[in-house]
Structures are given as C-alpha cells and as structure tokens.
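Asks: I have a structure here, written as structure tokens, and I will follow up with some questions on it.
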Amino acid sequence: MTKTYEILLVDDCSPDQAWYSIVELQKKYPEVKGLRLSRNFGQHIAISAGLAEAKGDVAIVMDCDLQDPPERIPEIYAKLLEGYDLVLARRTKKHHSSFRVLAAKTYFYLVSWLNRKPIEGFGTFSILSRKVIDAFLLFNERERHYLFILTWLGFRAGVIDYVHEKRASGKSSYSVRRLIQHAIDGQFFQATQLLNWIVVLGLLFAAGGVAMAGFFIVRYFVEGSQPGWTSLSVLILICTGAILTSLGVIGVYVGKVFDQAKDRPLYVIDQVSERGVRW
C-alpha cells in the first residue's frame, strides 16, 4: 500500500509475556515499534498512547486479538481516500457471548437516548487522518472513550461494514465488573445529563409531596383524622432511596472532577523498543 509505514504495538502492561514477543518482532521487522506502559491504564488510554507516538499522515487503530481483520485495511484506507477525515468499521456480526452482545446493545441504546444522539455500536477498528489525530490528542480527560471523542470532534466520517471474527487466541480481559465500570465511565465522561435528571427527579418528588399534603389536608377536614398507614413507610423508603441515589451520582461526578484536578499524566511509558532504540 505504501513504501513507508510503522506498526505500533502498545502493551498495556499485560500479565503475560507479550512485551518479550514484541521485542523479538522488532528485532526481525524494523518497521515495528513497541511501547510498554508502566501499568494497566485501560484500553482507551493505551490507544491514546499509540496515537501520540504515531508519526504517519494516517493511523489505523485496531485490537490485537485479530477479531478486526487486517485484510480489510486496504478497503478502509480506500474509503478514507474518498474524501473522509476518518473511517469507522461497523460490526455486522459479533463473536461474543449472548450476554455481552445484549449488554452492548443496551448500553449504546441508553447512551444514545441519554445524549439524544444516535451512537452506533462501532468497535475501535478505524482509520484517522493526521488532522483527526492531532485533534484527538488535544483531549486530556482521564475518563475517555475513543468512539465518544471521535463523535464529539464531528469530522466527516465514512463507514464500512465487516464481520467480527473469532479471537485468534486467549480470552478477553474484560470481566463483567470491568465492562460495567467501563460503561459507567463512558457515560460519565460523555455528558452531564444524569445531573439534570436528578434535578427533574427532585422537582417531581417535591411536587408529589405538595400534592399529597394538599390531599391529606382536604381529607382531614372532610373525614377527620386518619390512622397511620404502611404506605407511609414505603414512601419514606422510596424518598430515602432517591436521595441516596442522587447523592451517589453527584459523588461520582465530584470524584471524577477530583481525579482530573490532580492533573497527573495520562499514562507513563515503561519501555520502548524501536529501530536503534531500546530502553
């Protein structure tokens, strides 16, 4: 496809022997550059580290498990040359468990609904022009999501469809707990609609309380005093639950602000392996 290229392999401090394999590959193929992070910072920060090191006019982002077929690279590159700033690959079939596929569909539906903007279930397999890469690297949020950033940037995007292949080897490192945490982080990074919903929920509870107070005052004068009800306990529990949930959501936002305010580096590079350099 081109005379000059580089292959950046980012090792997000994996627990296996991946880094040694990368070093051996680099010895054999000078176009390979290995980048090992000092600890596991997460997939989307690892992608950011790779893009920060990319020197080309175009960068292709893909996972290492070969579920994104490398043989489709010429097609996605040809799509970019049609005049797009980036091209996203849309999965027409996924080789995941039924639970994970259903969870992913539910997540993207909720994100689209909350943000009033359709966000399809694309993977990270994509190609970016230098203009998009430079714009992407302007972001310094710690809680980041690769696709959400690209959506926010708003550049002209093309789409190709492909079949999500089976994993070449091993198994996914995403447990159910990590997937849930990833979903929560993605939503909190994307928007603050949940805070607006808390305000609406509080107003609804306040309006309901005023309406009930008026109803019971009228009933007192019409029918006289009434004994207590079990429903009173239910109402207290519901209101208490709503208050604690609201405080929890606010607390999560405050925690994210606290993490961002510390202004720590997004990632730390432990080792680099490239032509003429290995440290």
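Asks: Roughly speaking, what is the stretch gain from Y77 to E6, that is 0.36 nm per residue apart minus the C-alpha to C-alpha distance, in nm to one decimal?
Replies: Additional length available on full extension: 24.0 nm.
Asks: How far is it, in nm, from the label point at V199 to the one at V218 when both lie 7 Å from their Cα along the line to the Cβ?
Replies: Calculated label separation equals 3.1 nm.
Asks: Now for a different question. If you scale each eigenvalue of the Cα gyration tensor by 5 and take the root, what three semi-axes come out for region 2-77, rounded to whole angstrom and sorted largest first?
Replies: 20, 15, 13
Bear in mind these aren't lab numbers, they're just calculated from the coordinates by the rules spelled out. Predicted model, so just to flag it, every value in this text is computed and none were measured. Because the Cβ atoms are built from the backbone with ideal geometry, glycine has one as well, and the counts that use them run over all protein chains shown.
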